[in-house]
Amino acid sequence: MKVLHKIESDFEKTIANSGSETKGIRIDNFNEFKKMGIPTSKQEFWKFTNPSVIKDFEFTLGVTNDFEDDKFDIVIVNGKLTKKTDNIKVNDIHGSLGEKDISNKIFEKTNNPFINLNNAFSTDGCVISFEDNVEKEISVLNVIDNTASKQITYPRIIVNAGENSNISILEEIRFLGSKDNLVNSVTNFDLGEGAKVEHVIIDDYSENTYHISNVLVKQKRDSTFSSYNYSNGKKLARKDFIIELKERGAHCDLRGVYLADQKNHIDHHTIIEHEDEHCTSNELYKGILSGKSTGVFNGRIHVHNGAQKTDAIQSNQNLLLSNNAIIHTKPELEIYADDVKCTHGATIGQLDEKGIFYLRARGIKREEAQKMMMRAYIGEVLSGMKNSVAEEKLLEKIIENIPEGD
Amino acid sequence: MLKIENLHASVEEISILNGINLEIKAGETHAIMGPNGSGKSTLAQVIAGHEDYEVEKGSIEYFGEDLLELDVDERACEGIFLAFQYPVELPGVNNTYFLKSALNAQRKHRGEDDIDAMDFMDIISDKIKLLNLKESLLKRPVNEGFSGGEKKRNEIFQMAVLEPKLALLDETDSGLDIDALKIVANGVNAMKSPERSTLVVTHYQRLLNYIVPDFVHVLVNGKIVKSGDKNLALELEEKGYEEVIKEANE
């Protein structure tokens, strides 16, 4: 595999320049990654997303060029922090380890080779720490400069939300080019007791991009994590959300909209670990697919032994605008407690022609009527957002990108 | 205004209309009555421009132009309004937003600017009183969670806002209690003008006590078998369709 060869020599350089505090753990991660190799679609977890398509690519470590956008509080370019705000504590990983805002534990190896690879490489990163009881709205621009070909980048964002903090983060992932880059990102959220975190992702379209992303969330007692995730199909896009409801009363809302057209691909895997009693989760993902695109939704809910009074709701709905678009949707429930409520449902359909006729019978043109119907379809996912600026921006982006039907 | 000649239409190769002739002049109210499956609703749908129906023969002229050349939204913009027998629920589409989009689409078609927001609200609050609808329905998604009566009144409310030239009322009376029926009829009558025509499709004579037609036509097997004035509706009520059809055939 060509890809490993190049990554290996890049790793040696990276490790030589990294701080001593993480050297051991990074090497550990890299060895684990090498041992596991790049997964193939023979593995169930990667059934509909085959990362081994990159195996013959020689990716070079992405460099960080200057990039500015005043509208954002924090700017990260190819994984490196380039703009901070005085408003809150923002630091790179090296600095944060030094000040003990984060510990090495966050980089412990996992059973996911891409998380391990990010652990091995993400020396810069961005750590955002919110103190107890603060109330903040911040915006993060996560720039992928893919104007050069065959680069690999490892963005890493770590968010610590103190006890009873109330936070809304708008993260825009912006691609500057359209070259065949591999983006392997990891985002960590650590929610203290009673913390409320809203995370809005606007992940723009980018041709020829291979995007693998993992959002890892750990929640303490009575905390709430609300994710509004908008994704565009790419050459390959695999986005995992792993939520650990570790203590009683924790709640998460996972809401997502995905769009794909042409031959693009978008895969979401969500895993919700109900580890303690009285935790609740509510998940709603909707997709609109056209052309020859492929969508995947795999929603796993794992209710641990003793996690009584769990209440988990999951729904995945899909609109197919063409005969050649494909969606694979699968709920996965694993329940080891006996007093729980878990519901799940998946639908695949077309736009409601009766509704379109009704709108047209009032004088609205077909194209506009279709847009109104799709807007309504998506509106449900975004309802309940706290950050109205982010909501408007998100809706606008989605409407702009809704694929054309056949 | 509307001139239908020898109209034949089918759906999925089953012929439903078998030679309809009908002329509606400006300001007139016509009622189409007939037994189940006679093609009453199909006629309304074909005039409105539903694409599921195939027009096989005949013509429809509207103000001297070929109506069949126009798509459903173009017909609406030209002033044809279909009050649906089964109004469609549109989850997530706000009722006010929907009405404003419809009104502006029609204004755009006429070369007018979008309606001023304040003017729009004035029209809305004026017309909603006419139909005795709760203002809160405006903030709800179109028809979602509306009662049967509210849905029908909402249709006439839309008609009052859009001010069509030709209104097609497709069994607007079905599912209405007597009070709601009066409200709906009042709404329709309030809009009566020498320029506006109405085609009422109904099973029962009851509605025609309130919306008084100038002409009544009996439709059987996709053909108008008998036409008359409002007394024909009373006759139908009294004798039933079978008797009237038999007489017509003699």
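Odds and ends about this structure:
- Cα long-axis angle, helix B:117-130 against chain B (0 to 90 degrees, to the nearest 10): 50 degrees
- FRET efficiency, 1/(1 + (r/R0)^6) with R0 56 Å, evaluated for B:GLU238 and B:HIS109 via beta carbons: 0.80
- Of the three principal axes defined by the Cα atoms of the range A:164-257, the extents in descending order read 44, 19, 18 Å.
- Net length gained if the chain between A:LYS105 and A:LYS13 were fully extended (0.36 nm per residue, minus Cα distance): 30.8 nm
- Net length available on complete extension from A:ASP132 to A:ASP66 is 20.4 nm, with 0.36 nm assigned per residue and the Cα-Cα distance removed.
- For peptide B:70-78, the mean count of partner chain Cβ atoms within 10 Å of a residue's Cβ comes to 5.
- Rounded FRET efficiency, nearest 0.05, which uses the C-beta distance separating A:LYS386 from A:ASP311 and R0 of 25 Å: 0.70
- Taking the C-alpha atoms of the range B:22-83, convex hull volume expressed per residue in Å³: 109 Å³
- Dividing the convex hull volume of the alpha-carbon atoms in the protein assembly as shown by its residue count gives 189 Å³ per residue.
- Summarising the amide proton neighbourhood of A:PHE189: residues at separation of 5 or more, or on other chains, whose placed amide H is nearer than 5 Å comprise A:VAL159, A:LEU216, A:VAL217, A:LYS218.
- Counting only residues at least eight positions apart within a chain, or on another chain, the aspartates and glutamates with an alpha carbon under 19 Å from that of A:LYS47 are A:ASP240, A:ASP267, A:GLU332.
- The accessible area of A:HIS94, taken with all protein chains in place and a 1.4 Å probe, comes to roughly 100 Å².
- Computed over chain A: relative contact order in percent, which uses C-alpha pairs under 8 Å that are six or more apart: 10 percent
- Rounded to the nearest 500, the helix-only mean residue ellipticity at 222 nm of chain A stands at -6500 deg cm²/dmol, with each DSSP H run of n ≥ 4 adding -39,500 (n - 2.57).
- Those aspartates and glutamates that a straight Cα-Cα span of less than 13 Å connects to A:LYS100, excepting residues fewer than 8 apart in one chain: A:GLU21, A:ASP92
- Accessible surface ranking that places the most exposed of A:ILE398, A:ILE271 first, with a 1.4 angstrom probe: A:ILE271, A:ILE398
- Computed from backbone phi, the HN-Hα couplings of the range B:181-194 come to 4, 5, 4, 4, 5, 4, x, 5, 5, 4, 9, 4, 8, x Hz, rounded to whole numbers (Karplus: 6.51 cos²θ - 1.76 cosθ + 1.60, θ = phi - 60°; Gly and Pro given as x).
- Derived scalar couplings ³J(HN,Hα) [the range B:22-32; Karplus, 6.51 cos²θ - 1.76 cosθ + 1.60; whole Hz; x for Gly, Pro]: 7, 10, 10, 9, 4, x, 8, 10, 10, 10, 10
- Residue range of chain A that is longest and free of trypsin sites (Lys or Arg not before Pro) which are both DSSP loop and sparsely packed (at most 10 other C-beta within 10 Å): A:101-406
- Total accessible surface hidden between A and B, rounded to 100 Å², 1.4 Å probe: 1900 Å²
- Computed log₁₀ I(q)/I(0) - Debye formula, equal Cα scatterers, no solvent, the range A:310-406, q 0.23 Å⁻¹: -1.24
- Counting only whole DSSP H helices of chain A, there are none at least 27 Å long by C-alpha along their axis and with mean Kyte-Doolittle hydropathy no lower than 1.6.
- Average accessible surface area per residue within the range A:37-151, 1.4 Å rolling probe, Å²: 48 Å²
- Mean projection area, nm², convex hull over Cα of the range A:5-70: 7.3 nm²
- Note: chain B, Cα convex hull, 125 Å³ per residue.
- Hydrodynamic radius of the range A:198-353 per Kirkwood, over alpha carbon pairs, in Å: 15.8 Å
- Across the range A:91-101, coupling constants 3J(HN,Hα) worked out from phi with the 6.51/-1.76/1.60 Karplus curve, θ = phi - 60°, read 8, 7, 5, 4, x, 5, 5, x, 8, 6, 6 Hz, and Gly and Pro carry x.
- FRET efficiency, B:MET121 to B:GLU195 (Cβ-Cβ, R0 30 Å, nearest 0.05): 0.70
- Beyond 26 Å in Cα-Cα separation lie the following of the pairs A:LYS371/B:LYS100; A:LYS13/A:LYS109; A:LYS218/A:LYS286; A:LYS235/A:LYS286; A:LYS71/A:LYS246; A:LYS354/B:LYS139: A:LYS71/A:LYS246.
- Proximal aspartates and glutamates to B:LYS182, defined as alpha-carbon separation beneath 18 angstrom and excluding residues fewer than eight positions away on the same chain: B:GLU150, B:GLU155, B:ASP170, B:GLU171, B:ASP173
- Relative contact order [Cα under 8 Å, 6+ residues apart], the range B:122-236, whole percent: 22 percent
- When only Cα pairs below 8 angstrom with a gap of at least 6 residues are kept, the range A:279-345 shows a relative contact order of 45 percent.
- Members of A:LYS393/B:LYS151; A:LYS365/B:LYS165; A:LYS234/A:LYS397 lying beyond 25 Å, as alpha-carbon distances in this model show: A:LYS393/B:LYS151
The values are calculated or read from the model by the stated rules, or taken from the named source; none is laboratory data. Everything numeric in this text was worked out from a predicted model, so none of it was measured. Every residue, glycine among them, receives a Cβ derived from its backbone with ideal geometry; neighbour counts consider all protein chains shown. Side chains included, ligands, DNA and RNA excluded: accessible areas come from the protein's heavy atoms. Shrake-Rupley method; radii C 1.70, N 1.55, O 1.52, S 1.80 Å.
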